[in-house]
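Since the structure comes first, as structure tokens, the remarks are kept for the end.
The values are calculated or read from the model by the stated rules, or taken from the named source; none is laboratory data. This one's a predicted model, so the numbers in the text were calculated from it and none came from an experiment. Neighbour counts are summed over all protein chains in view; Cβ atoms, including those assigned to glycine, are modelled from backbone coordinates with ideal geometry.
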Amino acid sequence: MSKYTVELVGLPRRPAGVQSVEVELEGKTTLGDLTSALRHALPALAGNVIRLDQHKLTAHCAFNGNGRFHVDQYDVVVQPRDRIVIVALAMGG
């Protein structure tokens, strides 16, 4: 088992009530695996940050892994030492 820490920044932090969460996963881990684990670890993220009917982030959120944004890229493999952040995407009008 490997431990992954996911930081929550800005709007994604509000429903969670925490700055970061640690989850444990086995084997090769993708952002999709992390999303599923986060949904179970922090049910308050469902609907606000994680889609209700899927194990994907809502349209206004994205992963940032080691400084790279990943929008709808759930097959990206992550390592326990990676800096993984969920951020709200900028909305303009």
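Quick notes on this one:
- Segment 64-93, residues that are in a loop (DSSP other than H, G, I, E, B), in contact (Cβ under 8 Å) with a residue 60 or more places away in the chain and either closer than 19 Å to GLY10 by Cα or of a type in the set (Val, Ile, Thr) (or both): ARG83
- Screening segment 10-24 for residues that are of a type in the set (A, V, I, L, M) and in a loop (DSSP other than H, G, I, E, B) and picking the one that is surrounded by the most Cβ atoms within 10 Å (Cβ to Cβ) gives LEU11.
Residues checked against (1) modelled with pLDDT of 95 or more; (2) hydroxyl-bearing (Ser, Thr, Tyr); (3) more than 13 Å from the chain's Cα centre (by Cα); (4) surrounded by fewer than 16 Cβ atoms within 10 Å (Cβ to Cβ):
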{"site": "LEU8", "(1), (2), (3), (4)": "yes, no, no, no"}
{"site": "LEU31", "(1), (2), (3), (4)": "yes, no, no, no"}
{"site": "ALA37", "(1), (2), (3), (4)": "yes, no, no, no"}
{"site": "HIS40", "(1), (2), (3), (4)": "no, no, no, yes"}
{"site": "HIS55", "(1), (2), (3), (4)": "no, no, no, no"}
{"site": "ALA62", "(1), (2), (3), (4)": "yes, no, no, no"}
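- Single unsatisfied condition, CYS61 versus (1) farther than 11 Å from VAL87 by Cα; (2) touching a residue at least 24 places away in the same chain (Cβ under 8 Å); (3) not aliphatic (A, V, I, L, M): (1)
- Test result for ASN48, at pLDDT 95 or above and either more than 12 Å from the chain's Cα centre (by Cα) or over 23 Å from LYS28 (Cα atoms) (or both): no
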